[in-house]
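To start, the structure itself, in structure tokens.
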Amino acid sequence: MTLFKPSFPMLLRARFNAFAQDTRGVVAVESIILLPLVIWTYVAMFSFFDMLRMKSVNQKAAFTIADAYSRETQKITETYVDSTFTLFQRLTRVSNPGMRVSVLSYDQDTDKYTVRWSEIRGTGAGTALSDNNVNSLREHLPIIASGDEFVLLETWNDYKIPFKIGMDDFKMKSHVFMNPRFADQLKWDDGASS
């Protein structure tokens, strides 16, 4: 009786088929491959949720402050602006926010916005708005009737992403427009008697 001795390619094919059909350790290999992806997805969802939560908190705080200005019937003072900035800091719970509150009006004859007054507080606030630079914000400003005034409240803070998932830290901004509710104008108290 002669023994059949398979050729090397047949032996290689048989070993490969046996390896392909062997299912021992498949779960461990799949876990090793997918676990980093699952962890990254969970961390990314946490980071995106935190970013959207902070955006919502920032926006709600800005609307609260703008609403307080719109309901004011007395002249606005430095103390009032400082207090609203402190309130904004407490509502958002961030360490380095910025806020700019301005009262603007629109003149249809000249097709320009004018600044009645503007105050800034916080870090990275830039400068207060003036008649020279307010019209550069034109695409962000609302269309209103000629002669009407409105409050523009701009807020920002530096958002630090909790986990580095491919996004960099960025400046979170919000713009809120509000018409004065109980008075036709919101005046600044410059200390002079009126």
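The values are calculated or read from the model by the stated rules, or taken from the named source; none is laboratory data. Since the model is a prediction, treat every value here as computed from it, not as a measurement. We place every Cβ from the backbone using ideal geometry, glycine too, and count neighbours over all the protein chains shown. To get the accessible areas, we keep the full protein, side chains included, count just its heavy atoms, and leave off ligands, DNA and RNA. Shrake-Rupley method; radii C 1.70, N 1.55, O 1.52, S 1.80 Å.
Annotations
- Lone qualifier among Thr73, Thr41, Thr77 - being of a type in the set (S, T, N, Q), more than 30 Å from Asp148 (Cβ to Cβ) and under 36 Å from the mean Cα position of the chain (by Cα): Thr41
- Breaking point among (1) outside any strand (DSSP E or B); (2) surrounded by 13 or more Cβ atoms within 10 Å (Cβ to Cβ), for Gly166: (2)
- Test: residue in the range 156-174 that is within 25 Å of Gln74 (Cα to Cα) and either touching a residue at least 60 places away in the same chain (Cβ under 8 Å) or not aromatic (Phe, Trp, Tyr) (or both): no
- Among (1) in contact with a Gly (Cβ under 9 Å, 6 or more places away or on another chain); (2) within 25 Å of Met51 (Cβ to Cβ), the one test that Arg90 misses: (1)
- Annotation note: of Ile76, Ile120, the sole residue that is over 14 Å from Lys187 (Cα atoms) and not small (Gly, Ala, Ser) is Ile120.
- Across the range 141-162, the number of residues qualifying as out of contact with any Asp or Glu (no Cβ under 9 Å at 6 or more places or on another chain) and open to solvent by 60 Å² or more (accessible area, probe 1.4 Å) comes to 1.
- Lone qualifier among Lys75, Lys112 - being modelled with pLDDT under 95 and touching a helix residue (DSSP H, G or I) at 6+ places or on another chain (Cβ under 7 Å): Lys112
- Test: residue in the range 147-161 that is over 24 Å from Ala61 (Cα atoms), part of a loop (DSSP other than H, G, I, E, B) and more than 19 Å from the chain's Cα centre (by Cα): yes
- Scanning the range 134-149 for residues that are within 17 Å of Asp109 (Cα to Cα) and acidic (Asp, Glu) yields Asp148, Glu149.
Matching residues to (1) of a type in the set (Ser, Thr, Tyr); (2) modelled with pLDDT of 90 or more:
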residue: Leu91; (1), (2): no, yes
residue: Gly98; (1), (2): no, yes
residue: Ile120; (1), (2): no, yes
residue: Ser136; (1), (2): yes, no
residue: Gly166; (1), (2): no, no
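- Residue in the range 174-191 that is under 26 Å from the mean Cα position of the chain (by Cα) and loosely packed, with under 13 Cβ neighbours inside 10 Å present: no
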